[in-house]
Amino acid sequence: MHVLVLNAGSSSLKYQLVDPSSGTRLLQGLIEEIGGERTYEAAIAEVLGHLEGRAVAAVGHRVVHGGERFVDAVEIDDEVVAAIREVVPLAPLHNPANLAGIAAARAALPNVPHVAVFDTAFHVRMPRRARTYAIDLEVSERLGLRRFGFHGTSHRYVSAQAAAFLERPIAELRMVTLHLGNGASACAVEWGHSVETSMGLTPLEGLVMGTRSGDVGPGLVLRLCRELGVEETDTLLNRKSGLAGLSGLGNDLRVIQRAAAEGDDRARLAINVFAHRARKVIGAYAAVMGGLDAVVLTGGIGEHSVDMRRRILQRLDFLGVTLDEDRNADARVDHDRPVVDIAAEHARVRALVVATNEELQIARDTEAVVRAHKVVKAPSPIPIAISARHVHLDRAAMDVLFGVGSDLTPSRPLSQPGQFASEERVTVVGPRGRLERVRVLGPLRKACQVEVSRTDEFLLGVDAPIRQSGQTADSAPVVLEGPKGTLQLKEGLICAWRHIHMHPDDALAFGVSDGDEVEVAVTGGPRDLVFGDVLVRVSEKYALEMHIDTDEANAAELSSGASGELQEPYRATAATGLIERRR
Ligand code: ADP
């Protein structure tokens, strides 16, 4: 399948013809000076001319802003066009240009599917705490003000490339990805999901960029507005700031680096401020994720500037990041060698330079959407079990809480073979509140684990990370009180990642594998809901059942005996981390 990837800007149209399976770029081009005489229609006609009759199976459009609605790529129809138009106020420069490109391309190629791939989609479901501005909530809700984040296609692509390079499932990795080009942003990618990013409502927030300021205090913006007026402040922050504003030499880092080498103080300052801000974010995001496995650098600066990479990654040894100077100096990434590790051999955290390829990601997403339309929905319903808050204990904890050598008293069997609810109860204590009489599930396990809902978490006063059962490393601390003693757990408190237990036979029937993330729809009740990010766990020991917590059940108004239906089974492959919908 050959996908035509279009990136329509305010005065230019970039295009590539890509084979998403092999990753081959068959041709590419840039048409400039659109507007006035030269319309998008004319530009598309030029693109088709360049194709010289090569078949196009689908068109993938880069769309900057998808608002809150688009969490994934979608096939474009009139309704999707209207939805993209609705969020024009959020991206007044970009979305109209994207729409013009879409309209012209749909008219010229009416018989192939067109797919929109959004820069914001990867970040839309960032945790609420990360996406919310701390201003009057009524105002932000009325005006739709929230942190969106951009460059999502690139952050997603490079994090998947990094996981593939490290030969580890992305669902086990915590990464900070730094996309440093003319626009620059950072993303905390935890288990393959964006949990924090540096751009916000607009792409002006966050890191220092070519001509954009990145973060400044709101007080500074107010002062500038008073001194210069709103329009000039806009121009100052968007076009006359960042590397260009600091150095006075324009936005090309190469020029600035040369001037700095010759002693230009403003050039040096520009470089220092840029690096400082990026370093700061690595530390902050490691804190957000409670750990770090890899730092990924990409974009023109991340991929090419040896000096900037060194400045950003220096003195981070305390985090486990140690640069190998020679590897850094020699790192060259390209199509044939898209990832290079520049960390010292012994470093605990990998530092990876990755060549980004947003067009390839758009082509792959486009192919996936087109293929998904041929998906046969899995037939059988999946029983849903609602897990109340509960505790798993290990032998040592049992000794402390219930007495040395004590045993759990089975009270009733659970649906998963061998598992049971016990008579034993403990009190879970957090810094803010207590949960009394929390049931212990048996049998005893290798490590303690306390599973609570988001509501419980709030009541306890701790941030419980979303984790699959068993992955308690670096999770939240908690105190347990039993009849015989009290136990301080350094880690173990989690909010369970909703999941489906499947026997291998079920997995085969549904066409999914262990570690996949799927969607499950609950219909027929008063509050229909599609659960996304549902983890598939396959084992000979499991019986088919989806597990959600009480908050999740309440959201869909479910009670015992409920069931759901697997939606368009798709697969996040360990190798690519990309979502590949299955036929
Ligand atoms: P865009 O965000 O427009 O796609 P790029 O990702 O191409 O931009 O990044 C452009 C930036 O990368 C510019 O600041 C440019 O100076 C910088 N850059 C490119 N090559 C090098 C290099 N060899 N050394 C330092 N900076 C470089």
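Of ASN238, ASN272, all but one fail to be in a helix (DSSP H, G or I), crowded, with 17+ Cβ neighbours inside 10 Å, of a type in the set (S, T, N, Q) and within 16 Å of the ligand (Cβ to nearest atom); the exception is ASN238. The C-beta contact set for the stretch 12-26 (first residue hydroxyl-bearing (Ser, Thr, Tyr), second residue buried (at least 22 other Cβ atoms within 10 Å of the Cβ) and part of a strand (DSSP E or B), distance under 6 angstrom, 6+ apart or interchain) comprises TYR15/LEU6. Put simply, of SER194, SER198 the only residue that is polar (S, T, N, Q), farther than 20 Å from THR235 by Cβ, within 16 Å of the ligand (Cβ to nearest atom) and touching a residue at least 24 places away in the same chain (Cβ under 8 Å) is SER198.
Quick check: is even one residue across the stretch 505-515 assigned to a strand (DSSP E or B), modelled with pLDDT under 95 and either under 24 Å from the mean Cα position of the chain (by Cα) or not basic (Lys, Arg) (or both)? Checked the stretch 505-515: no residue is assigned to a strand (DSSP E or B), modelled with pLDDT under 95 and either under 24 Å from the mean Cα position of the chain (by Cα) or not basic (Lys, Arg) (or both). Here LEU207 fulfils each of the conditions (1) farther than 19 Å from GLY299 by Cβ; (2) within 16 Å of the ligand (Cβ to nearest atom) apart from (1). Just one residue in the set GLU172, GLU205, GLU196, GLU167 is of a type in the set (D, E, K, R) and under 24 Å from ALA363 (Cα atoms); that residue is GLU167. Looking across the stretch 298-339, the residues that are farther than 19 Å from GLY283 by Cα, out of contact with any strand residue (DSSP E or B) (no Cβ under 9 Å at 6 or more places or on another chain) and more than 12 Å from the ligand (Cβ to nearest atom) come down to GLU325, ASP326, ALA329, ASP334, ASP336, ARG337.
Can you find, within the stretch 100-128, the residue that is farthest from PHE148 (Cα to Cα) among those that are in contact with a Lys or Arg (Cβ under 9 Å, 6 or more places away or on another chain) and touching a residue at least 60 places away in the same chain (Cβ under 8 Å)? Out of the qualifying residues, it is GLY101. In the stretch 305-318, the residues that are more than 13 Å from VAL349 (Cβ to Cβ) and in contact (Cβ under 8 Å) with a residue 12 or more places away in the chain form Cβ pairs under 8 Å with partners that are in a loop (DSSP other than H, G, I, E, B) and more than 8 Å from the ligand (Cβ to nearest atom), at six or more places apart or across chains, as follows: VAL306/ALA331; ARG309/ALA331; ARG309/ILE342. Answer with yes or no whether GLY492 is closer than 20 Å to LEU408 by Cα, surrounded by fewer than 16 Cβ atoms within 10 Å (Cβ to Cβ) and of a type in the set (Gly, Ala, Ser). So GLY492 does not fit the description; no. The number of residues in the stretch 297-338 being farther than 24 Å from SER185 by Cβ and part of a helix (DSSP H, G or I) comes to 7. Taking the criterion of being acidic (Asp, Glu) and within 16 Å of the chain's Cα centre (by Cα), the residues of the stretch 161-195 that qualify are GLU172, GLU190. Does any residue in the stretch 489-515 that is free of Cβ contacts under 8 Å to residues at least 24 places away in the same chain come within less than 9 Å, Cβ to Cβ, of a residue that is among the charged types (D, E, K, R) six or more places away or on a different chain, and which pairs are these? Pairs found: GLU491/ASP474.
If you go through the stretch 12-26 and keep only what is surrounded by 15 or more Cβ atoms within 10 Å (Cβ to Cβ) and assigned to a strand (DSSP E or B), you end up with LEU13, LYS14, TYR15, GLN16, LEU17, VAL18, ASP19, ARG25. Taken together, the criteria place GLY67 among residues that are surrounded by 14 or more Cβ atoms within 10 Å (Cβ to Cβ), on the phi > 0 side of the Ramachandran plot and either among the charged types (D, E, K, R) or under 25 Å from the mean Cα position of the chain (by Cα) (or both). One residue alone among GLU565, GLU545, GLU557 is surrounded by fewer than 21 Cβ atoms within 10 Å (Cβ to Cβ), under 13 Å from GLU519 (Cα atoms) and at pLDDT 85 or above, and that residue is GLU565.
Counting only residues that are assigned to a loop (DSSP other than H, G, I, E, B) and not hydrophobic (A, V, I, L, M, F, W, C), the stretch 339-363 holds 5 of them. Quick one: is ARG62 within 30 Å of HIS193 (Cβ to Cβ) and either touching a strand residue (DSSP E or B) at 6+ places or on another chain (Cβ under 6 Å) or surrounded by fewer than 13 Cβ atoms within 10 Å (Cβ to Cβ) (or both)? Yes: the conditions hold for ARG62. The residues listed here are VAL295, VAL288; of these, the one that is within 24 Å of the chain's Cα centre (by Cα), surrounded by 23 or more Cβ atoms within 10 Å (Cβ to Cβ), more than 16 Å from the ligand (Cβ to nearest atom) and modelled with pLDDT of 95 or more is VAL295.
In the stretch 179-189, is there at least one residue being away from the ligand (no atom under 14 Å from the Cβ), under 19 Å from ALA91 (Cα atoms) and among the hydroxyl-bearing types (Ser, Thr, Tyr)? No, the conditions are met nowhere in the stretch 179-189. Scanning the stretch 27-40 for residues that are outside any strand (DSSP E or B), in contact (Cβ under 8 Å) with a residue 12 or more places away in the chain and surrounded by fewer than 15 Cβ atoms within 10 Å (Cβ to Cβ) gives GLU32, GLU33, THR39. One residue stands out among those in the stretch 305-332 that are aliphatic (A, V, I, L, M) and within 23 Å of the chain's Cα centre (by Cα): the one that is surrounded by the fewest Cβ atoms within 10 Å (Cβ to Cβ), which is LEU319. Listed by position, the strands (runs of 3 or more DSSP E) enclosed by the stretch 163-216 that each have at least 1 residues that are small (Gly, Ala, Ser) are 184-190, 193-197. Filter the stretch 241-257 down to the residues that are touching a Gly at 6+ places or on another chain (Cβ under 9 Å) and at negative phi, then identify the one that is farthest from the ligand (Cβ to nearest atom). Restricting to residues being touching a Gly at 6+ places or on another chain (Cβ under 9 Å) and at negative phi, the top hit is SER241.
For (1) among the aliphatic types (A, V, I, L, M); (2) within 24 Å of VAL71 (Cβ to Cβ), each residue gets a yes or a no:
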site	(1), (2)
LEU489	yes, no
GLY492	no, no
ARG498	no, yes
GLY511	no, yes
GLU519	no, yes
VAL522	yes, yes
VAL530	yes, yes
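The values are calculated or read from the model by the stated rules, or taken from the named source; none is laboratory data. Just so we're clear, the structure is a prediction, and the values are computed from it rather than from any experiment. Every residue, glycine among them, receives a Cβ derived from its backbone with ideal geometry; neighbour counts consider all protein chains shown.
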